[in-house]
Amino acid sequence: MSLAAPASAAAQSPDAALEHARKLLRSTPLIDGHNDLPWEIRRAPAPFDVAAYDLRKRAPKHTDLERLRQGQVGAQFWSIYTDGEMKDSGYARVQLEQFDIARRMIARYPDRLALALTADDIERDFKRGRLASLLGMEGGHAIENSLGALRAYYALGARYMTLTHNVTLDWADAALDSARHGGLTEFGREVVREMNRLGMLVDLAHVSPAVMSNALDVSEAPVIFSHSAARALVDHPRNVPDSILARLPKNGGIVMVTFVPQFVSTEFMAWEAAADSARKQLYAAVTDSAERERQAETWKSAHPMPSATLAQVADHIEHVRAVAGVDHVGIGSDFDGIDNVPVGLEDVSRFPDLFAELIRRGWSDADLKKLAGQNLLRVMRQAEATAARLQRSREPSTRTIEELDGPGRQTS
Ligand SMILES: [Zn+2]
């Protein structure tokens, strides 16, 4: 899928392309759509302890202050994730705890991080050398079917919500779960309308293609995919089909291309599926944990893990550009939310290398700036303007799922 590099770009040495990328990212904010650091802090050896998880030191996973600086990250949507399969606690409690972790983390480094709530905040923070820190909720189960809870989350700073995570909700089908509704229910549509009224971006990463399509029908503001790739290149249900990409110019939304190896590499996706089914078989057949471990090691040495690559991520970015257009593409790494990483994109310090690759493929500075963050800034400003308009004509919605979907449609 890579385009042939034009002669002038090919003549540029690798270091010249990287230097060019570094200069470009000093002039325009690089905005990453998805990083799971707050969840890493939750489950660290000292759980919930933002002091113990010291970002001034080298962190165990992909993200810390020094590597964010090297990676020239200008703004970050920190994922406020809640596990949709947890059975021992209410979703809202865990969601609130994740807001607390993220907000304490941001407040702890005032010389480096700043809570950002608007597109203007991002630009202001970038100018004064702070990493603009936005909050994005991952999983609509956290609203527990309540539009009041949705509004309270907005007040806490949430500026996007991924409609589902991996579990189908009472009002929306997830990409990786069974389709119970064939898309969004009437209440699900009301959730989208209320997000539009609030100015919270509708995030369609993780939902089924029918939900993507319904949300595009309903949404009055541009949507985002905070961490997804192109389904035409890798046929994974988490990726975005061309039929949806083709609708983005009219909606104004963007796909923030992710680095998740199984979404960007077909070979890795097949390996992951094989590893998954081998693991399930092993758990069914073997109860002794030492024996399980031994057999798992045997499987791994017989089936070495393939590598996804930076070039494959660049291919997905170029595919989204080809089908949706250069105004509809961004970056959403999913660092700290993934166990494996593409070669060349090992952690948050490596973003400039991705831009260097695209420079070698002939991308113009104007297009690189759109990809880096100008597209997301435009999307946020459109969503903010839509919210201001809707708030003049519409009161906060008090509709309920029972009222809109009928009693008995929901299970929780
Ligand atoms: Zn995710």
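Among the residues of region 30-76, those that are touching a helix residue (DSSP H, G or I) at 6+ places or on another chain (Cβ under 7 Å), more than 16 Å from the ligand (Cβ to nearest atom) and assigned to a helix (DSSP H, G or I) comprise I41, R67, L68, Q70.
Within region 314-339, the set of residues being within 16 Å of the ligand (Cβ to nearest atom) and among the β-branched types (V, I, T) comprises I331, I338.
Conditions (1) in contact (Cβ under 8 Å) with a residue 60 or more places away in the chain; (2) closer than 30 Å to S301 by Cα; (3) open to solvent by less than 10 Å² (accessible area, probe 1.4 Å); (4) within 16 Å of the ligand (Cβ to nearest atom), marked per residue:
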{"residue": "M212", "(1), (2), (3), (4)": "no, no, yes, yes"}
{"residue": "L233", "(1), (2), (3), (4)": "yes, yes, no, no"}
{"residue": "D276", "(1), (2), (3), (4)": "no, yes, no, no"}
{"residue": "L282", "(1), (2), (3), (4)": "no, yes, no, no"}
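Determine which member of the set W363, W299 is free of Cβ contacts under 8 Å to residues at least 40 places away in the same chain, open to solvent by less than 40 Å² (accessible area, probe 1.4 Å) and away from the ligand (no atom under 16 Å from the Cβ).
Details: W299 fails: open to solvent by less than 40 Å² (accessible area, probe 1.4 Å).
Just a single option satisfies the conditions, and that option is W363.
Mind telling me which of the residues R350, R381 ends up being open to solvent by 70 Å² or more (accessible area, probe 1.4 Å), closer than 30 Å to M269 by Cβ and assigned to a helix (DSSP H, G or I)? It would help to see each step written out before you state the result.
Working: R381 fails: closer than 30 Å to M269 by Cβ.
None of the others qualify; the one that does is R350.
I'm told S307 meets every condition in (1) among the small types (G, A, S); (2) modelled with pLDDT under 95; (3) open to solvent by 60 Å² or more (accessible area, probe 1.4 Å) except one. Can you identify the failing condition by its number? Condition (2) is where S307 drops out.
Looking only at region 79-102, count how many residues are within 16 Å of the ligand (Cβ to nearest atom), farther than 16 Å from A149 by Cα and not in a loop (DSSP other than H, G, I, E, B). Spell out how you get there, then give the answer.
Residues of region 79-102 that are within 16 Å of the ligand (Cβ to nearest atom), as a first pass: 79-86, 91, 94-95, 98, 102.
Narrowing the set further to residues that are farther than 16 Å from A149 by Cα leaves 79, 83-86, 102.
Retained after the next criterion (residues that are not in a loop (DSSP other than H, G, I, E, B)): 79, 102.
Summing the residues that are within 16 Å of the ligand (Cβ to nearest atom), farther than 16 Å from A149 by Cα and not in a loop (DSSP other than H, G, I, E, B) in region 79-102 gives 2.
For region 103-149, filtered to residues that are within 19 Å of R56 (Cβ to Cβ), assigned to a helix (DSSP H, G or I) and hydrophobic (A, V, I, L, M, F, W, C), the residue that is farthest from the ligand (Cβ to nearest atom) is A107.
The values are calculated or read from the model by the stated rules, or taken from the named source; none is laboratory data. All values reported here derive from a predicted model rather than from experimental measurement. Cβ coordinates were reconstructed from backbone atoms using ideal geometry, including for glycine residues, and neighbour counts include every protein chain displayed. Calculation scope for accessible area: heavy atoms of the full protein, side chains included, ligands and nucleic acids excluded. Shrake-Rupley method; radii C 1.70, N 1.55, O 1.52, S 1.80 Å.
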